[in-house]
Amino acid sequence: MSPAQPSTPDVVTRLSLSPAGLRPGRLDGAWWPGSYDLLLELPALVAVLDARWGRVTRVTLNPTHWPVIPSRIPVAGHVVHGGWFGVEQDPNAIMVRSFKTARLDLLVVPPGTDDAAAARLMAAAADPANVRTASALTAAEAAGLLAGAACQS
């Protein structure tokens, strides 16, 4: 009998994007990472977005929740440039740039959010009629206001 091989858990990309062809609302969707470790979480997101939107070249985040934002993040086959903005960028959002699209603005569902709340946040952020910012959606969910009216202002 051979010794058991250590395994690493698969990083699942939990992503919800606005429907293709529709004019997006304030956000283009939502991403629900398992942690605020950008080096661990970003490669899975980039793999999905590279295939759908073209090679991701840059991401920016607000450092409020992200303890480390490297300037160069290795992902499968290339490097993504990382950056941050303080007050200029919503602390609950990530901006993703690629060669094909000008940019995607995604709500970052806080790691550890329960499944039902995350589902409501992801649906609201991907709704083309949404007019709320990432932080406004997160606050609305915390206040219990997303249950039936995800996109009303």
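Please treat every number below as a calculation from the coordinates, not as lab data. Treat the numbers as computed from the prediction; the structure is a model and nothing was measured. Reconstructed Cβ throughout: ideal geometry from the backbone, glycine too, with neighbour counts over all protein chains shown.
In what sequence, highest mean first, do 49-59, 118-128 appear when ranked by Cβ atoms within 10 angstrom? Intermediate results must be reported in sequence, preceding the final value.
Details: 49-59: 17.2, 118-128: 21.8.
Answer by packing, highest mean first, reads 118-128, 49-59.
Taking a quarter of the surface of the Cα convex hull of the range 13-78, what do you get in nm²? Walk me through the numbers before you get to the answer.
Details: hull surface 19.8 nm².
Result: a mean projected hull area of 4.9 nm².
Placing pseudo-labels 7 Å out from each Cα toward the beta carbon at THR57 and HIS81 gives an inter-label distance of 0.8 nm.
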